[in-house]
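> Just dropping this structure here.
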Amino acid sequence: MAADFPTTRDLPLEPNASAILFIDVQNFCVRRDGGEFKDVPDADITGKYAYYFDRIKTTAVPNMQKLQAAFRDAGIEVLYTTIESLTKDGRDRSLDYKITGFNVPKGSDDGKVIDEIAPGDDEIVLPKSSSSVFVSTHIDYLLRNLGVKQLVMCGLLTDQCVESAVRDACDLGYLVTLVPDACGTYSQERHDNSLRTIKGYCRQIDTDALIAEISASKKA
């Protein structure tokens, strides 16, 4: 007889079987002087990338900070992934990253999670060298060892590394919760299109509602 399984993705988190993953919230792509933007003209920063930096500063990072504090307070596992090669010259990175020109050298400041959500001493940080954390790290092994069945995700970029992780986690058997207002990409249109595209792979819930949910679970 087949084992019982959930018939919906719209399930509240079980704290003992959950974790939150912050995706690529690092100096490389958040800081003006980070590797992705250090050679970009100021005119493009205030023009082409104005939405992106405003979204990060006013919405995504503040919500990530709230989530981080709430999940820590609830005793739920907090993890991070960053774009970072295992070598200084990036010879181990994916073909896609080589073509794109992304190389965050091993041990560089660009590879560090931003100070605003700095990892705690005993929190796991996974360097990755491909879009999906499930392709270029052993996160699936780690999550199963941690007893995680429900995985919350947020970070950058909504329609690239976040979306890739959502799809892969779903296919590997995790119940995925995405927090849209703790994510960002280069335009509102791209953000919204991604949310519609992956709606069938994950539950989508905003920061305040998710915090209320885990707060209620603590009282239960």
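> Tally time: how many residues in the range 182-220 are assigned to a loop (DSSP other than H, G, I, E, B), at pLDDT 95 or above and among the small types (G, A, S)?
Adding up the residues that qualify gives 1.
> R55 versus (1) within 19 Å of L157 (Cβ to Cβ); (2) assigned to a helix (DSSP H, G or I); (3) out of contact with any strand residue (DSSP E or B) (no Cβ under 7 Å at 6 or more places or on another chain): which is the lone unmet condition?
(3)
> Pick from P119, P127: which is in a strand (DSSP E or B) and touching a residue at least 24 places away in the same chain (Cβ under 8 Å)?
P127
One line per residue, one yes/no per condition, for (1) buried (at least 21 other Cβ atoms within 10 Å of the Cβ); (2) over 18 Å from P15 (Cα atoms); (3) touching a Ser or Thr at 6+ places or on another chain (Cβ under 8 Å):
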| site | (1), (2), (3) |
| --- | --- |
| G173 | no, no, no |
| A182 | yes, yes, yes |
| Q188 | no, yes, no |
| T207 | yes, no, no |
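> Name the residue, out of I23, I76, that is closer than 23 Å to G200 by Cβ and either under 18 Å from the mean Cα position of the chain (by Cα) or at pLDDT 95 or above (or both).
Details: I76 fails: closer than 23 Å to G200 by Cβ.
The unique qualifying residue is I23.
> Listed residues V152, V179, V148; which is in a loop (DSSP other than H, G, I, E, B), in contact (Cβ under 8 Å) with a residue 60 or more places away in the chain and of a type in the set (V, I, T)? Before the answer, list the steps.
Numbers: V152 fails: in a loop (DSSP other than H, G, I, E, B); V179 fails: in a loop (DSSP other than H, G, I, E, B).
Being in a loop (DSSP other than H, G, I, E, B), in contact (Cβ under 8 Å) with a residue 60 or more places away in the chain and of a type in the set (V, I, T) holds for just one of V152, V179, V148, which is V148.
> Quick one: in the range 65-87, of everything that is under 16 Å from S136 (Cβ atoms) and β-branched (V, I, T), which residue is surrounded by the fewest Cβ atoms within 10 Å (Cβ to Cβ)?
Among those that are under 16 Å from S136 (Cβ atoms) and β-branched (V, I, T), it is T87.
> Also, I was wondering about something else. Which of the residues belonging to the range 1-34 are outside any strand (DSSP E or B), aliphatic (A, V, I, L, M) and either under 30 Å from A216 (Cβ atoms) or in contact with a His (Cβ under 9 Å, 6 or more places away or on another chain) (or both)?
A3, L11, L13, A17, V25, listed by residue number.
> Moving on. Can you tell me which residue in the range 88-128 is most open to solvent (accessible area, probe 1.4 Å), limited to those that are among the acidic types (D, E) and within 20 Å of the chain's Cα centre (by Cα)?
Pass one, the range 88-128, residues among the acidic types (D, E): 89, 92, 96, 109-110, 115-116, 121-123.
Pick out the ones that are also within 20 Å of the chain's Cα centre (by Cα) and you get 96, 109-110, 115-116, 121-123.
Values: D96: 83, D109: 92, D110: 34, D115: 127, E116: 75, D121: 169, D122: 139, E123: 40 Å².
The selected residue is D121.
The values are calculated or read from the model by the stated rules, or taken from the named source; none is laboratory data. Quick caveat, the model's predicted, so the values are computed rather than measured. Ideal geometry is used to build each Cβ from the backbone, glycine not excepted, and the neighbour counts take in all protein chains shown. The accessibility values were calculated without ligands, DNA or RNA, using every heavy atom of the protein model including side chains. Shrake-Rupley method; radii C 1.70, N 1.55, O 1.52, S 1.80 Å.
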